[in-house]
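Colleague: First, the structure itself, so that you have it in front of you.
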Amino acid sequence: MKFKQFLVLLALCSSPLLTSQEDIQPKDSLYMIERSIHDHIDNIKYKDALELSAKLISKASEKKNDYYTYMGHELVGTIYLSIKDTFQARISYEKALELAKESKKDSLLSWAYFNLGNIESDGKVNYQKGIDYYKKSIKINEKIIQEGHDTMSYNNIAANLNIGWTYLDEGQEERALPYLLKAKKSANKDSIQNKYALLSIKTLLGRYYIKNKEYLKAENELTTVSKIVLEEDLPIEGSEAFKYLSTLYEITGNHEKAFASLKQQKEYDDKLYEAEKLGEIQTAGAKFNLEEYERSLEIAKKEQEYTKQLVSNSRRTAIVFVIATIILFITLLIIYRMWENRKNLVKRLREKNHQLIQAKEDAEHLSYLKTQFFSTVSHELRTPLYGVIGIASILLEDKNIKSHNDDLQSLKFSADYLLSLINDVLLINKMEASGIRLEYTPFKISSLINNIIRSFEFSLEQNNNKLHLDIDETLSNGLIGDSVRLSQILMNLIGNAIKFNENGNIWLSIQKATITDEGKHRTKFVIKDDGIGIPKEKHASIFEEFSQVENSHYNYQGTGLGLPIVKKLLDLYGSKINLESEVGKGTTVTFTIDLEPIDLPEDTTDINTALTIEENSIYTIQNVHILVVDDNRINQKITQKILENRNFKCSLANDGAEAVALVKTTTYDLILMDIHMPNIDGIEATKHIRTFNNHIPIIALTAVEMGEIIQEIQEAGMNDIILKPYDVSQFITTILRNLDPRSTRFSKSKKRLSSTNPNTLAV
């Protein structure tokens with residue numbers, strides 16, 4: 001459909017604007033030839049059109065008329081494009097571009113770029129090249145329009161429309177919108193002249209709004225188009241408009257209108273099919289005549305050459321003829337042998353392709369099984385770890401068993417270390433399966449760094465290290481990027497610097513290097529330490545999985561996955577890690593990524609920013625009733641104990657069905673909902689509750705990776721998520737963040753916060 005639309009635009013657009021009146025005279029023979037060519041193209045007489053185009057080029061060249069020489073080559077390109085011979089069309093359009101550059105006439109240059117844009121943007125491979133041609137055409141047209149030639153404004157409407165269309169077809173909706181809006185704004189200035197362009201623009205805007213779930217806007221645009229196409233019986237525009245109206249109504253649940261729109265689309269499609277079928281028959285006949293003409297022309301040229309040679313020397317002609325016959329026979333023999341070889345090669349290639357397809361399917365199946373295995377292992381390992389870490393945290397707060405505090409600390413540390421290993425292995429697996437993509441969301445760099453520093457307080461104190469922070473004041477505090485992946489990179493690099501350093505210093509420097517052409521801050525991160533250093537022969541191998549630097553003077557634990565994870569995450573950013581290190585003199589790690597600045601209000605609360613707790617005291621809430629929904633009795637008791645220690649009132653439910661029944665009869669201030677449960681799982685239970693209670697906060701409790709379930713949780717109507725096993729302080733912070741302040745009564749407990757391990761997963 002898009003290819004045909006390009007042809008429509010070509011027909012609607014006027015001829016290139018002339019910069020000099022001497023280029024064309026109405027009664028000039030060149031002008032009459034050009035008009036005749038257009039008539040032949042409109043009547044699908046491509047053979048006659050091609051003959052006249054050759055004549056136009058020849059005469060225009062003799063008269064040194066740049067305009068008609070250019071037009072001759074452009075019309076040849078149009079003829080080949082009409083029979084869908086894009087290869088020959090591209091050759092003619094590129095020749096026209098060369099002539100336009102030589103003529104130094106902006107109007108011809110603009111038109112040449114527009115034609116090449118139509119050729120290139122209609123394919124998946126070179127669509128960006130086509131968009132670049134459109135942009136060049138637009139830039140030239142704007143210059144011409146500023147000089148007072150408003151007739152070129154329609155060219156910019158067509159170019160902006162086609163850019164937006166191309167981006168929509170490539171699934172880049174946000175990049176398409178500005179060009180569609182520009183086209184719409186320009187077309188509205190003379191809506192009568194640009195009527196058909198406006199219909200296409202509105203249909204494309206409808207597609208955009210559907211993709212971005214702005215269904216009301218989409219309906220407004222598409223219904224406007226549908227009314228006009230019904231009144232004027234426009235099959236091309238009507239088919240597109242009703243196609244996306246049907247999609248819109250299907251999404252919004254209006255199945256009756258969806259069926260009616262689909263029916264209307266089919267009627268227009270039937271009309272188009274009949275028209276296209278007739279057009280294809282005519283085009284096929286014209287193409288056959290054109291090919292016959294080309295062959296006849298080539299034969300005529302050869303015959304003319306032969307005749308001249310016969311006149312000059314008949315004997316030489318005979319010899320040449322004999323030689324030509326021998327060469328032809330040898331050529332045919334070679335072609336036959338080549339055909340035989342090609343046939344055998346194609347047969348073997350098909351066999352190899354079949355084997356490759358089978359191998360690909362087997363590999364995809366194994367990859368799927370591997371992903372399912374890791375997902376299951378993730379849940380099954382994290383669930384019992386929740387019990388171990390939770391019980392250890394509760395016992396650490398019990399003063400009656402203070403004598404076992406060291407043992408409990410060791411138990412919790414071991415569980416945290418095991419959790420860290422599980423998380424690293426699962427992350428590596430996801431990256432190998434291309435299951436991780438960067439998310440671009442607003443965050444504050446100050447909040448991100450403060451959270452990271454707080455998570456390392458215990459490790460810094462344990463190794464007697466000091467962390468020095470330097471953030472460039474000119475760097476915007478509000479940024480857009482993947483804060484989670486950036487945090488993982490910094491956590492691994494800073495964690496390594498602390499782990500391999502005792503009684504030393506770690507420096508974290510964040511500097512704005514430059515500002516890119518797109519307005520992004522190219523930000524340089526430097527992590528430096530004065531620790532044991534890394535031997536030069538190990539600089540490459542430490543980025544391999546499970547590889548570590550061995551040093552007999554240091555006792556440390558690690559999975560050897562930290563730096564490989566960092567390297568793979570930086571690959572997502574298109575960045576590389578730079579390492580400088582010498583044994584005994586420390587290590588410096590540097591990387592650079594682009595982050596988009598954004599203005600954030602001062603009172604904006606970052607999702608990773610914990611509530612400030614004065615003097616390390618734990619806040620408790622009285623008269624707050626929380627429902628804990630979990631099918632694991634151990635997990636139930638741990639969660640209940642943590643909440644009751646802070647004076648929460650707590651009730652338990654064993655599955656989703658029981659939770660729904662309790663919420664119908666009892667008033668709760670908050671629900672902690674496990675995801676995987678028998679009978680009715682947490683997702684379905686939440687959907688049931690939201691049918692009669694939309695205000696109660698529901699927080700998901702899950703051991704599944706956040707990226708695998710976050711969208712499903714949001715769509716179900718849950719307010720937040722806590723990953724198991726969790727850190728107690730972060731667990732309480734998440735609950736406080738979601739409670740309605742009007743229903744809570746805060747009181748301070750004198751109980752001190754226990755140290756938390758930085759490897760524990762944060763919410």
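Colleague: Students often check this: by mean Cβ neighbours within 10 Å, which of 88-99, 200-211 ranks highest, and how do the rest follow?
Modeller: Those peptides, ordered most packed to least, come out 200-211, 88-99.
Colleague: Oh, and also: Quick one: what are the phi-derived ³J(HN,Hα) couplings along segment 451-468, Karplus 6.51/-1.76/1.60 with θ = phi - 60°, whole Hz, x for glycine and proline?
Modeller: 5, 5, 4, 4, 5, 9, 4, 5, 5, 5, 5, 5, 9, 6, 9, 10, 10, 10
Colleague: Return the long-range amide H neighbours of Ile471 (sequence gap of 5 or more, or a different chain), with a cut-off of under 5 Å between placed amide H atoms.
Modeller: The answer is Ile510.
Colleague: For the ranges 633-645, 340-352, 673-685, what's the packing order if you count other beta-carbon atoms within 10 Å of each residue, average per peptide, and put the highest first?
Modeller: Packing proxy ranking, top to bottom: 673-685, 633-645, 340-352.
Colleague: Measure off, as a whole percent, the carbon and sulfur share of the 1.4 Å-probe accessible area of segment 120-226, all protein chains present.
Modeller: Roughly 50 percent, rounded to a whole number.
Colleague: Figure the gain on full extension for Arg175 and Thr224 (residue separation times 0.36 nm, minus the Cα-Cα span) and round it to one decimal in nm.
Modeller: That pair, Arg175 and Thr224, stretches by 15.2 nm at full extension.
Colleague: Show me, for segment 137-147, the HN-Hα J-couplings you get by feeding each phi into the Karplus relation (A = 6.51, B = -1.76, C = 1.60, θ = phi - 60°), rounded to Hz, glycine and proline as x.
Modeller: Once rounded to whole Hz, the list reads 4, 4, 4, 5, 4, 4, 5, 5, 5, 4, 7.
Colleague: Quick check: pseudo-label points 7 Å beyond the Cα along Cα→Cβ at Leu572 and Ser191, how many nm apart are they?
Modeller: If labels sit at Leu572 and Ser191, their model points lie 4.6 nm apart.
Colleague: Report the full-extension gain for the segment Lys63 to Met32: residue separation times 0.36 nm, less the Cα-Cα distance, to one decimal in nm.
Modeller: Length difference between fully extended and current span is 9.6 nm.
Colleague: Okay, next question. What is the spin-label model distance, in nm, from Ile326 to Glu340 if the labels are put 7 Å beyond Cα along the C-beta direction?
Modeller: 2.3 nm
Colleague: Is there a quick way to get the dipole size of segment 34-174? I mean about its Cα centre, with the Cβ of Lys and Arg at +1 and of Asp and Glu at -1; what is the value in debye to the nearest 20?
Modeller: Using Cβ point charges on Lys, Arg, Asp and Glu, segment 34-174 gives about 520 debye.
Colleague: If I model a spin label as a point 7 Å beyond the Cα along the Cα-Cβ vector, how far apart are those points for Thr474 and Asp233 in nm?
Modeller: Spacing of the two 7 Å Cα→Cβ label points: 6.8 nm.
Colleague: So between Gln88 and Arg522, what do we pick up on full extension, going 0.36 nm a residue minus the alpha carbon distance?
Modeller: That pair, Gln88 and Arg522, stretches by 151.8 nm at full extension.
Colleague: List, in order, the whole-Hz ³J(HN,Hα) value for each residue of segment 505-517 obtained from phi through the Karplus relation with A = 6.51, B = -1.76, C = 1.60 and θ = phi - 60°; use x for Gly and Pro.
Modeller: Using θ = phi - 60°, the values come out as 10, 10, 10, 10, 10, 10, 10, 7, 6, 8, 10, 6, 4 Hz.
Colleague: State the Cα centre-to-centre distance between segment 624-668 and segment 147-212 in whole Å.
Modeller: 55 Å
Colleague: Please sort 229-235, 493-499 by packing, taking for each peptide the average over its residues of neighbouring beta carbons within 10 angstrom, highest first.
Modeller: Highest-to-lowest ranking by the protection proxy: 493-499, 229-235.
The values are calculated or read from the model by the stated rules, or taken from the named source; none is laboratory data. Everything quoted here is computed from the prediction, not taken from an experiment. Every residue, glycine among them, receives a Cβ derived from its backbone with ideal geometry; neighbour counts consider all protein chains shown. Heavy atoms of the whole protein, side chains included, go into the accessibility calculation; ligands, DNA and RNA do not. Shrake-Rupley method; radii C 1.70, N 1.55, O 1.52, S 1.80 Å.
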